[in-house]
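Working notes for the structure below.
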């Protein structure tokens, strides 16, 4: 099992990795298939494209800007391409364009308002985040079709890929990896045998696919983007888009903390930093999947505190990110990081688990203590639902990231003071999360059909 740290952490845009970034990637992939098809097809006149959103994408896609993401992808954009652009202007321009130009000569009819369909009927059986793209002839015949699934963290899989593997993942083979751990147990055993740290093993694995210079540059770019997200959120003001009219709070909170630092606690800083990131995410601005957009504030908050308040170094940041990606990879491989599949325990819970492991590592924790920290943080997120009000990644998502960062910090502190021996193994906790997610009602898995999402009475 191998998921690169540079794949798990991806620079993109908000508000959702599964509902925004994944659909954008899928749409971009489909337009590539269309481009190849038209090179040899005799039918090139009167064509149109249609995208049908299924399951959670249909229920909360509007609040998560899924339609905007699909439109951007069909026009050839990827999340990294638009991370630093004026999205409102860009989307406004392409939204009014009723055609797509393929291969510089083929004109395809496409209207986002009409050709992106939110189908709230029965979801596709493979995964709750399904999308069906079609290239349609003037006669109504479907000439080309592909079904995609947005499986969390900006990752996508086609229907064929979903049916080929046990878990809905698209990962590199781990055969060439010296330390091909696919569980926390095998990770600990390999660490003990090799006498390498978890980050050390992860680095060796990464170097099978890239140079050390490329890896370090990639890790540094991830941290720089995370840092920029925090700092952008700490100076931004105004209300968040979407209709709830929620005012941004991170800037005011940060100013209060700076003005009265004698009475400030760690929790205050962590909340300010985490909320700053997730307010940026809610605004549709640049964030880093960590491992998802909905949980994008937890890991940056812990890292930013380390650098800003504890004199952390870039070497520690790299160790932190490598450790967190090892834990995140195991969680994704053995369960899910998709809120639509297992609830928020798979998003903020996974992020807190990863952050706890990374913090424990840079504090000098053993591999056993790191695994313990990851388990503690994940255990205390089990059962957490994903029930965003109005389908927006705002309530309870923004504050929830602050609490995730606090739990991560607490878990690392508990683990570092222990021996590493503990009752519940991380693998068992991950299995419990998966089982809980499978048995959780769809009302509580990013559909906004239950929980807090239906507890608000509009006046």
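The values are calculated or read from the model by the stated rules, or taken from the named source; none is laboratory data. Because the structure is a prediction, the values reported are computed rather than measured. When we count neighbours, we look across all protein chains shown, and the Cβ atoms used for this are built from the backbone with ideal geometry, even at glycine.
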Exercise. Is it true that some residue in the range 57-71 is in contact with a strand residue (DSSP E or B) (Cβ under 9 Å, 6 or more places away or on another chain), in contact (Cβ under 8 Å) with a residue 24 or more places away in the chain and more than 20 Å from residue 392 (Cα to Cα)?
Worked result: no
Seminar exercise, completed: Note on the range 374-411: residues in contact with a strand residue (DSSP E or B) (Cβ under 9 Å, 6 or more places away or on another chain) and either under 21 Å from residue 438 (Cβ atoms) or free of Cβ contacts under 8 Å to residues at least 24 places away in the same chain (or both) are 385, 386, 387
Seminar exercise, completed: Scanning the range 437-450 residue by residue, those assigned to a helix (DSSP H, G or I) and surrounded by 19 or more Cβ atoms within 10 Å (Cβ to Cβ) turn out to be 437, 444
Exercise. For the range 292-339, what are the residues that are in a loop (DSSP other than H, G, I, E, B) and either touching a helix residue (DSSP H, G or I) at 6+ places or on another chain (Cβ under 9 Å) or not assigned by TED's automatic domain parsing to the domain that holds residue 355 (or both)?
Worked result: 292, 293, 294, 295, 296, 297, 312, 313, 335, 336, 337, 338
Problem set entry | Which listed residue, of 90, 100, is surrounded by 14 or more Cβ atoms within 10 Å (Cβ to Cβ) and either under 20 Å from the mean Cα position of the chain (by Cα) or part of a helix (DSSP H, G or I) (or both) | 90
For this session: From 189, 193, 213, 208, grab the single residue that is over 30 Å from residue 62 (Cβ atoms) and part of a loop (DSSP other than H, G, I, E, B).
Result: 208
Exercise. Taking the range 250-266, which residues are touching a helix residue (DSSP H, G or I) at 6+ places or on another chain (Cβ under 7 Å) and without any contact (Cβ under 8 Å) to a residue 60 or more places away in the chain?
Worked result: 250, 251, 253, 254, 257, 264
